[in-house]
1. Would you please name the residue that is nearest to residue 33 (Cα to Cα), looking only at residues in the stretch 96-130 that are within 14 Å of the ligand (Cβ to nearest atom), assigned to a loop (DSSP other than H, G, I, E, B) and free of Cβ contacts under 8 Å to residues at least 40 places away in the same chain?
2. What pairs come up if the first residue lies in the stretch 8-20 and is within 21 Å of residue 63 (Cα to Cα), the second is in a loop (DSSP other than H, G, I, E, B) and modelled with pLDDT of 85 or more, and their beta carbons are under 7 Å apart, counting only those six or more places apart or on different chains?
3. Could you tell me whether the stretch 110-124 includes any residue that is closer than 29 Å to residue 31 by Cβ and loosely packed, with under 12 Cβ neighbours inside 10 Å?
4. Is it the case that residue 89 is part of a loop (DSSP other than H, G, I, E, B), away from the ligand (no atom under 14 Å from the Cβ) and either under 19 Å from residue 131 (Cβ atoms) or in contact with a strand residue (DSSP E or B) (Cβ under 9 Å, 6 or more places away or on another chain) (or both)?
5. Kindly check whether there is at least one residue in the stretch 66-76 that is touching a helix residue (DSSP H, G or I) at 6+ places or on another chain (Cβ under 6 Å) and either farther than 30 Å from residue 13 by Cβ or without any contact (Cβ under 8 Å) to a residue 60 or more places away in the chain (or both).
6. Identify the single condition in (1) modelled with pLDDT of 80 or more; (2) under 17 Å from the mean Cα position of the chain (by Cα); (3) surrounded by 11 or more Cβ atoms within 10 Å (Cβ to Cβ) that residue 96 does not satisfy, given that it satisfies every other one.
Ligand SMILES: [Zn+2]
């Protein structure tokens, strides 16, 4: 489905209060849902099917813990484990079979360790608070995720081999007397 840009907004930082940022949008979406979109004498049904945002913005808009938190998965109830990784820490999710989150439970605030507060987006009754936030954006999952880890591993392996090679060359050279 082609994407139609209807507005872009900029600022020097993330928006402050979620309520101030989202309320005009929510009011308009609900109005359009009720009366449809009037275009050229026709009334076209309107609904908000999905909110497309990167991982940090998804968590911000949904008022949930961040994607790397132990309860950070937006789709299921898996609980991550914090593990040392290099000089920092990483969150490991060990199962893909945890029960899926549901719109009803999210709106009922049944995930207190996942939800950090109420998001005004819950006032859009027809928006599915789970399926309406697809997880699959390329930047954080592929480019910054898998590809970065893969390149880092290749780079470290190459360095390791280079060190071994230099070490071996050094050992062989030590037999030479100049
Ligand atoms: Zn999950």
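The values are calculated or read from the model by the stated rules, or taken from the named source; none is laboratory data. Note that the coordinates shown come from a computational prediction; the quantities given were computed from them, not determined experimentally. Because the Cβ atoms are built from the backbone with ideal geometry, glycine has one as well, and the counts that use them run over all protein chains shown.
1. The qualifying residue nearest to residue 33 (Cα to Cα) is 102.
2. Between residues of the stretch 8-20 that are within 21 Å of residue 63 (Cα to Cα) and residues that are in a loop (DSSP other than H, G, I, E, B) and modelled with pLDDT of 85 or more, the close pairs are 18/63; 18/119.
3. Taking the stretch 110-124 as the starting set, the residues that turn out to be closer than 29 Å to residue 31 by Cβ are 115-124.
Remaining after also requiring loosely packed, with under 12 Cβ neighbours inside 10 Å: 117.
Yes, that holds for at least one residue.
4. When the stated conditions are applied, residue 89 does not pass them.
5. The answer is yes, given that some residue of the stretch 66-76 is touching a helix residue (DSSP H, G or I) at 6+ places or on another chain (Cβ under 6 Å) and either farther than 30 Å from residue 13 by Cβ or without any contact (Cβ under 8 Å) to a residue 60 or more places away in the chain (or both).
6. So residue 96 meets the others, but not (3).
Every residue, every condition in (1) outside the structural domain of residue 119 (by the TED database); (2) within 22 Å of the chain's Cα centre (by Cα); (3) within 30 Å of residue 117 (Cα to Cα), yes or no:
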residue: 1; (1), (2), (3): yes, yes, no
residue: 5; (1), (2), (3): yes, yes, yes
residue: 13; (1), (2), (3): yes, yes, yes
residue: 22; (1), (2), (3): no, yes, yes
residue: 30; (1), (2), (3): no, no, yes
residue: 33; (1), (2), (3): no, no, yes
residue: 41; (1), (2), (3): no, no, no
residue: 45; (1), (2), (3): no, no, no
residue: 49; (1), (2), (3): no, yes, yes
